[in-house]
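For reference, the structure discussed in these notes is given below.
The values are calculated or read from the model by the stated rules, or taken from the named source; none is laboratory data. Predicted model only: the values in this text are computed from it and were never measured. As a convention, Cβ positions derive from the backbone with ideal geometry for all residues, glycine included, and neighbour counts pool all protein chains shown.
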């Protein structure tokens with residue numbers, strides 16, 4: 001379990017930051033009349049932010065990780 005967290009720490013951090021930013025976007029900017037699919041619901045915006053943060057976090061790899069994978 002600890003090795004999984006060490007390998008995926010940037011992805012996990014991206015998910016946490018992305019979900020916080022997704023909720024903040026809903027809270028401060030979100031759509032009030034319900035016509036926006038993502039920003040009209042806090043769950044949707046949080047999940048979307050977590051997904052995007054995970055994708056962004058997983059795109060960055062340590063140089064040592066890429067050498068050991070080859």
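Show me the helices (runs of 4 or more DSSP H) entirely contained within the chain in which 3 or more residues are under 11 Å from the mean Cα position of the chain (by Cα) and at pLDDT 90 or above.
Values: elements: 2-7, 9-28, 42-58, 63-69.
It comes to 9-28, 42-58.
Cβ-Cβ contacts under 8 Å between residues 6 or more apart (or on different chains), taken from a first residue in the range 24-41 that is surrounded by fewer than 14 Cβ atoms within 10 Å (Cβ to Cβ) to a second residue that is in a helix (DSSP H, G or I), are listed as 27/42; 37/44.
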